[in-house]
Amino acid sequence: MSEDHHDPLQSYYRAVHILAGDTDEPTETAVSLLHEASDAGVAEANFYLGQLYEEGKLVQRNPDFAYRHYVRALELAGKDEVWHLAGYFSLIAHPDARICALVPGFFRKAAMAGYRNQMMWMSDVYSGGEYGSRISAILSRQWRKMAAKYGHSRAIEDISIDEERRSTLPGRGP
């Protein structure tokens, strides 16, 4: 492999080190390395570029580019990446409504990959009644049951309380 062509994941890590100030390399090099890794399909590089374009850091602010990079990160993220991307993504205040609308997608993908905290997040979103009370209640309960199955302590407790409450309803007792 020549010096001009780096392993995409190594390019991403090198860019992160540059941006963290761990090297004397210019930040322009980091942006270039992030684009290289992004073009090669590294989910985290796309996510990082989404942040840079959304905030206008080191690049000209461009919500369209930010959105495209976030969508690509969501599409590319595998089981090992999606859970932490979901967490980071939810901590950022997104002024662009299209970008805000991607947050549940990151959590849904992480939940489907088996991450119990994201399952509880999905349960909490649906318990807010966002999709109509009956459907939301059913979806909330399903996500909570999945989280309990994967050992989420609050989900286990909530399911236990709910089962106890249901058993005391008329016609459902012992």
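Since every read-out is calculated from the coordinates, none of them should be taken as a lab result. As the structure is a computational prediction, the values presented were derived from the model and not from experiment. Here Cβ is always computed from backbone atoms with ideal geometry, including for glycine, and neighbour counts include all displayed protein chains.
Considering only 65, 6, 38, the residue lying farthest towards the positive end of the dipole of segment 1-93 is 65, judged by Cα position with unit charges set on Cβ.
Could you work out the local net charge near residue 20, counting Lys and Arg as +1, Asp and Glu as -1, over the other residues with Cβ closer than 15 Å to its Cβ? Provide the component values of the computation, followed by the final result.
Values: positive: 14, 57; negative: 22, 24, 25, 44.
Local charge sum for residue 20: -2.
Its DSSP H runs of at least 4 residues, each contributing -39,500 (n - 2.57), put the calculated 222 nm mean residue ellipticity of the chain at -22000 deg cm²/dmol, to the nearest 500.
Based on Cα contacts under 8 Å between residues 6+ apart, the chain shows a relative contact order of 11 percent.
Would you work out if segment 1-81 is rounded, prolate or oblate? Take a ≥ b ≥ c from the square roots of the eigenvalues of the alpha-carbon gyration tensor; rounded if a/c is under 1.5, else prolate when a/b is larger than b/c, oblate otherwise. Taking the square roots of the gyration eigenvalues as a ≥ b ≥ c, segment 1-81 is oblate.
Rounded to 0.05, the FRET efficiency of the residue 137 and residue 100 pair, given R0 = 22 Å and the Cβ-Cβ distance, is 0.35. Total lysine pairs in segment 42-166 at Cα distances under 21 Å, for residues eight or more apart or on different chains: 5.
Other residues within the sphere of radius under 15 Å centred on the Cβ of residue 116, judged by their own Cβ, net out at +4 (K and R +1, D and E -1).
Put a dot 7 Å past the Cα of residue 124, heading toward its Cβ, do the same for residue 61, and the two dots end up 2.9 nm apart. 3J(HN,Hα) along segment 10-15: 5, 4, 4, 4, 4, 4 Hz, from the Karplus curve 6.51 cos²θ - 1.76 cosθ + 1.60 with θ = phi - 60°, whole Hz, x for Gly and Pro.
Shape index of the chain: Rg/Rh, with Rg the Cα radius of gyration and Rh the Kirkwood radius from the inverse mean 1/r over Cα pairs, equals 1.13.
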